[in-house]
Amino acid sequence: MGKWYFPCMTMFSVQAYGVEHAAAPVAPFTIPRREPLPGDVQIEILYCGVCHTDLHIARGEWPGTLYPCVPGHEIVGRVTRVGAAVTRFKPGDLAAVGVMVDSCRKCANCVSGLQQYCVEGPVFTYNSPDKWLGGHTFGGYSSSIVVDEAFVLRVPAGLDPAATAPLLCAGITTWSPLRHWQMGPGKKMGVVGLGGLGHMAVKFARALGAHVVLFTTSPGKVADGLRLGAHEVVLSRDADAVQKHANSFDFILDAVSAPHDLNTYLGLLKLDGALVLVGLPAEPLPVAAFNLVLPRRTLAGSAIGGIAETQEMLDFCAQHRITAEIELIPLQKINEAWARLVRQDVRYRFVIDMASLRAG
Ligand code: NAP
Ligand code: ZN
């Protein structure tokens, strides 16, 4: 792996888990991290959430995976070292890193705080070119990470660190569209799919005051949907129950990871209602033009959220005592967790306890 590195850059090795190719099991190996630059924060990773994106990318379901791949972009840890120019963090602080570790910082989108829509493309926490070490970035299934402080988040006091980790992707990815489409009192909102993203959307929608209807394929999740904050839960395979909501929604957030029929949900929107995709199935999804044209409906998408917005979301969570529902796992159980994710058997986010890596 020596050919990847710039000779002038000093680095150190850390333990990680990842895949060598699309069909390989997740297995331990060693990766490089750069020695902290003046603006960098080094974080000992305590917890890392398991996002369905980890699976899409590691398994090569989307184009462009760079191998070996070390996933993980829901990171909470303890600051161990800071560069001389760092002002917001000191050793001992709790800190968090999400889906991005850098962007161009100059384009109009970056300047307005929307780094996730950087015109050059943000530097993702994993699977992006690494301008410092060469090669590509490695994510949070690892013992430590070094990140520019501009992309490090503060973890507000009072939040459980393990249950906070999923907020760094599942949280911000659902928070951002809810804010953009102004969910609140008087709005009827749908959530499709009760997984990692979906369960955060239900919690946020309820906290913001919208009327929340959950659509799930899983009869076993109905009670949880209500407990998590949905006012109503509809089994999406019950066509009659679904149709009772025709032409009634202001907004539906679709957080489904696999191919499914969008036309059903478009038909549930009222005039000027929006169906917003955050889920990213690999295959194209057919849309009937009539379902958009009558009555003037919108189909849109949304990606994670900006850095300032992520901090705003974390602060909102601290204020409203919101965290993810998690199942804590040792890193050694990651293959089993991925298999369960594919079977829709997640309640509602796996979080890796990184102490398991240090324990060997
Ligand atoms: P997840 O925890 O696996 O949840 C996905 C849920 O989708 C499942 O729990 C299930 O809910 C539903 N589902 C799965 N297969 C289905 C099928 N064949 N038909 C209908 N429903 C199905 O996944 P996640 O981590 O929340 O991620 C969801 C998607 O969002 C992934 O594609 C991920 O890559 C994407 N994502 C996008 C962004 C972004 O920035 N836009 C950020 C993060 C993740 P029920 O059991 O309730 O039906
Ligand atoms: Zn994610």
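The values are calculated or read from the model by the stated rules, or taken from the named source; none is laboratory data. Note that the coordinates shown come from a computational prediction; the quantities given were computed from them, not determined experimentally. Cβ placement follows ideal geometry from the backbone for every residue including glycine, while neighbour counts extend to all protein chains displayed.
At a glance:
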read-out: Matching helices (runs of 4 or more DSSP H) fully within the range 205-293 where at least 1 residues are within 16 Å of ligand 1 (Cβ to nearest atom); value: 222-228, 239-243, 262-266
read-out: Residues that are within 16 Å of ligand 1 (Cβ to nearest atom) and touching a Lys or Arg at 6+ places or on another chain (Cβ under 9 Å), drawn from the range 105-121; value: Gln115, Cys118
read-out: Tally, over the range 282-299, of residues that are in contact (Cβ under 8 Å) with a residue 12 or more places away in the chain and under 22 Å from Pro63 (Cβ atoms); value: 5
read-out: Number of the exception - Val79 against (1) within 16 Å of ligand 2 (Cβ to nearest atom); (2) touching a Phe, Trp or Tyr at 6+ places or on another chain (Cβ under 7 Å); value: (1)
read-out: Residues being touching a residue at least 60 places away in the same chain (Cβ under 8 Å), part of a strand (DSSP E or B) and hydrophobic (A, V, I, L, M, F, W, C) - total across the range 96-155; value: 7
read-out: Among the residues listed as Ala207, Ala241, the single one being over 11 Å from Gly193 (Cα atoms), of a type in the set (A, V, I, L, M, F, W, C) and in contact with a strand residue (DSSP E or B) (Cβ under 6 Å, 6 or more places away or on another chain); value: Ala241
read-out: Boolean, Met200 is more than 22 Å from Arg349 (Cα to Cα) and among the hydrophobic types (A, V, I, L, M, F, W, C); value: no
read-out: Cβ-Cβ under 8 Å pairs, at least 6 apart or on other chains, the range 321-346 side more than 30 Å from Ala157 (Cα to Cα), far side of a type in the set (D, E, K, R) and modelled with pLDDT of 95 or more; value: Trp338/Asp54
read-out: Leu299 assigned to a strand (DSSP E or B) and surrounded by fewer than 20 Cβ atoms within 10 Å (Cβ to Cβ); value: yes
read-out: Residue pairs meeting the criteria (Cβ under 7 Å; at least 6 apart or on separate chains; first closer than 19 Å to Thr173 by Cα and of a type in the set (Asp, Glu), in the range 252-281; second within 15 Å of ligand 1 (Cβ to nearest atom) and assigned to a strand (DSSP E or B)); value: Asp254/Val192; Asp254/Leu275; Asp254/Val276; Asp254/Leu277
